[in-house]
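The values are calculated or read from the model by the stated rules, or taken from the named source; none is laboratory data. Every value quoted in this text rests on a predicted model; they were computed, and no experiment measured them. Note: ideal-geometry Cβ built from the backbone for every residue, glycine included; neighbour counts use all protein chains shown. Accessible surface areas use protein heavy atoms only, side chains included; no ligands, DNA or RNA. Shrake-Rupley method; radii C 1.70, N 1.55, O 1.52, S 1.80 Å.
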Amino acid sequence: MRLPPRLARLNWYLPEPVQRVWAGRAPGLGLVRYRDRTTGAYLSIPVTAFRIQDGFVIPLPDGSDVEWVRNFKRAGGGGIRHQGRYYVIGTPEVLPAAELEGDLSEDGEKVIRLLQATEVLRVPIR
């Protein structure tokens, strides 16, 4: 379910600051931390995140051609706070969502279908 560019930009200023408060603690949510590729500043973004054996899967309902994904890939990783714990994560990889069938829990697969995400970001724990 891709957001129109104006709505996506508005989302950055309104709901996301509120979501950052609980994103790293609530089940199914994570707070990704990465370094901005132009300013070098550390940024955080709330995401839907599911734990898998070797890392995390983050659905990309807006596709992989969004600013935070480009920054995160160029940085070669960063960190994620998930259910109260902080993990250092390695280089992310964009995959088709269909490629992960069986790796995710049933709930994770349902959420990906609900979000209509055709791509996911797979990030390994270092």
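Things to note:
- Highest average packing first - 114-120, 27-33, 81-87, Cβ atoms within 10 Å: 27-33, 114-120, 81-87
- For VAL66, solvent-accessible area (1.4 Å; no DNA, RNA or ligand), Å²: 30 Å²
- Under 9 Å, Cβ to Cβ, from PRO92 - net charge with Lys/Arg +1 and Asp/Glu -1: +1
- In Hz, Karplus ³J(HN,Hα) per residue of the stretch 48-58 (6.51, -1.76, 1.60; θ = phi - 60°; x = Gly, Pro): 7, 9, 10, 6, 10, 3, 10, x, 9, 10, 10
- Note that the stretch 49-107 carries a Kirkwood radius of 12.5 Å, evaluated over its alpha carbons pair by pair.
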